[in-house]
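FYI, it's all coordinate maths here, none of it is from the lab. These numbers were taken from a predicted model, which means no experiment stands behind them. Quick reminder, even Gly has a Cβ in these numbers, built from the backbone with ideal geometry, and neighbours come from all protein chains shown.
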Amino acid sequence: MLKVNHLSKSYKTGSRTYPVLKDISLEVNRGEFVAVMGPSGSGKTTLLNCVSCFVPRDQGEILLAGQDISKANEKEMSKIRNQRIGFVFQDFMLLDGLSVFENICLPQIIAGKPIAQMEAKAGNICASFGIDSIKNKYPAEISGGEKQRTAVARALMNQPFIIMADEPTGNLDSKSCRAVIEAFVQAKKEMGATVLMVTHDSFAASFCDRVIMLKDGMVYNELRRDGSRREFMDRLLYTIGRLGGDCDDDE
Ligand SMILES: Nc1ncnc2c1ncn2[C@@H]1O[C@H](COP(=O)(O)OP(=O)(O)OP(=O)(O)O)[C@@H](O)[C@H]1O
Ligand SMILES: [Mg+2]
């Protein structure tokens, strides 16, 4: 579904150039839930920003469902971001003046979809994600976990090829964290969603099918879950320990 080939990115400050991503290649298959972990500063956010073309890359190819989106112009790219990629951010990014239901409808309003179809779809998503009872509330009136589940529901509205999430549980307590991760797992199981999530939290990552570890802008290794979640989490913790850094400040 997503294929990144030889992606490189550096930032220039004054006359100096700092390489941040160094020849990264990775793949996320259809229906897969993949996490990216790595110490602070290893390039995780930059990776998501380059893959979604928010930040220009130096080199590399980004194939989304076979299309090289790194070649898209600005207009094509905003359509791809609206219809083909769903985003979930650490600080939710809900619009305060809109209700939960209206926030969830937003991607389809932007895409110009018919209202009846949009409302039916949003209603179904609210029901299956357990946010039916709060759908008429405003973001200021709901908890962090509810905000993030609203953001996950919104990301699913246009049935994107992939959902990209940067630290979606970073601002949540462990109970809300679990509810949000379960929303991703449910989206994967029931809607076949493909998810690429950056996280510091090995508990959150242990629900994934696969974890890509970054170190100093390179892929350090990849771990695939093949046993229980608990066993996977132990392996993640062990690898993070070897990797060094502050990768797991929540544990
Ligand atoms: N706009 C920018 N200009 C210059 N340097 C930047 C910019 N954005 C990020 N960097 C640098 O690139 C490196 C990687 O940053 P990035 O935000 O991708 O790390 P991260 O892995 O997401 O870290 P964290 O876990 O703290 O969120 C860091 O050294 C950072 O200082
Ligand atoms: Mg980051």
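Data overview
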quantity: 30 Å tail of the calculated P(r), the chain, as % of Cα pairs; calculated: 26 percent
quantity: Positive-end extreme of charge dipole, the chain - chosen from SER133, MET213, ILE80 (charges on Cβ); calculated: ILE80
quantity: Mean residue ellipticity (222 nm) of the chain, computed from DSSP H runs ≥ 4 via -39,500 (n - 2.57), nearest 500; calculated: -11500 deg cm²/dmol
quantity: Pair TYR18, GLU61: separation of 7 Å Cα→Cβ label points (nm); calculated: 3.1 nm
quantity: Which of GLU32, GLU61 has the fewest Cβ neighbours within 10 Å, and the rest in rising order; calculated: GLU61, GLU32
quantity: Potential lengthening between ARG242 and GLN117 on full extension [0.36 nm per residue; Cα-Cα distance subtracted]; calculated: 40.0 nm
quantity: Interchain or long-range residues, amide H under 5 Å from GLY86's placed H; calculated: ILE162, ILE163, MET164
quantity: HN-Hα J in Hz across the stretch 184-200 - Karplus 6.51, -1.76, 1.60, θ = phi - 60°, x for Gly and Pro; calculated: 5, 4, 5, 4, 5, 6, 8, 10, x, 5, 9, 10, 10, 10, 8, 8, 8
quantity: Average Cα contact separation per residue, the stretch 2-243, under 8 Å, 6 or more apart, as relative contact order %; calculated: 27 percent
quantity: Sequence-distant residues sharing a close amide H with GLN59 (under 5 Å, placed H); calculated: SER8
quantity: Computed FRET value (nearest 0.05) for LEU98 with ALA127, which takes r as the C-beta separation and R₀ as 30 Å; calculated: 0.95
quantity: Theoretical FRET efficiency, 1/(1+(r/R0)^6), r = Cβ-Cβ of SER25 and SER143, R0 35 Å, to 0.05; calculated: 0.35
quantity: The stretch 20-126 - convex hull of alpha carbons, volume per residue in Å³; calculated: 147 Å³
quantity: ³J(HN,Hα) computed for each position of the stretch 54-70 - Karplus, 6.51 cos²θ - 1.76 cosθ + 1.60, integer Hz, glycine/proline x; calculated: 6, 10, x, 9, 7, 8, x, 10, 10, 9, 10, 6, x, 8, 7, 6, 5
quantity: Amide H contacts of VAL20 (H built 1.01 Å from N, under 5 Å, at least 5 apart or other chain); calculated: LYS9, SER10, TYR11
quantity: ³J(HN,Hα), Karplus 6.51/-1.76/1.60, whole Hz, each residue of the stretch 211-217, x for Gly, Pro; calculated: 10, 9, 9, 9, 9, 6, x
